[in-house]
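All of the numbers you see were taken from the coordinates with simple rules; none came from a lab. Note that this is a predicted model, so its numbers are computed, not measured. When we count neighbours, we look across all protein chains shown, and the Cβ atoms used for this are built from the backbone with ideal geometry, even at glycine.
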Amino acid sequence: MKALVTLALALPCVLLASCRQAETDRDIFLQMDTNKDGKLSLKEVNKFSLPRLFGRFDTDGDAVVTLADVRAIDPKFDAQQFEARDLDGNGKVTFREYRRYAEKNGVLNQLFGKVDTDGDGYITKPEADAYVATLEN
């Protein structure tokens with residue numbers, strides 16, 4: 001559970017750190033930087049990161065995540081945490097539900113503030129690299 005929460009909060013930087021095989025850190029940063037200003041806004045991070053995190057748990061590609069899907073990755077994942085994300089109570093979390101939950105609960109906002117060390121509202125490549133370095137230690 002703790003590892004899952006850490007992943008959810010650290011997603012933009014974890015993406016930069018963990019996707020080195022197929023994509024370089026720079027490639028991912030450039031994909032996220034949709035307005036090509038050399039820095040990432042919270043909007044850009046949310047637009048890129050939430051679908052990638054959701055996709056990590058939607059392993060069968062059916063556009064929903066069940067508790068069984070999550071437990072296949074984290075066997076001890078708390079059912080109540082899942083239920084909090086299952087906004088319509090049907091036992092499945094859609095991307096829309098996940099996004100609403102993440103935005104309402106500030107899932108990415110918390111990390112964004114940690115990575116944006118100068119507080120200017122943007123994550124620069126050096127700030128992302130510095131945060132990734134703390135995750136690798």
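A few remarks follow.
- Those aspartates and glutamates that a straight Cα-Cα span of less than 20 Å connects to Lys125, excepting residues fewer than 8 apart in one chain: Glu23, Asp25, Asp27, Asp33, Asp37, Glu44, Asp116, Glu136
- Nearest-0.05 FRET efficiency for Lys43 and Ala68, computed from C-beta distance (R0 41 Å): 0.80
- Here r is the Cβ-Cβ distance between Ala133 and Leu87 and R0 is 35 Å; the resulting FRET efficiency, rounded to 0.05, is 0.45.
- Length released on extending from Arg96 to Thr59, taking residue separation times 0.36 nm less the Cα-Cα span: 11.6 nm
- Here Lys76 is the anchor, and the lysines within straight C-alpha reach of less than 29 Å, apart from those fewer than 8 places off in the same chain, are Lys2, Lys47, Lys92, Lys104, Lys114.
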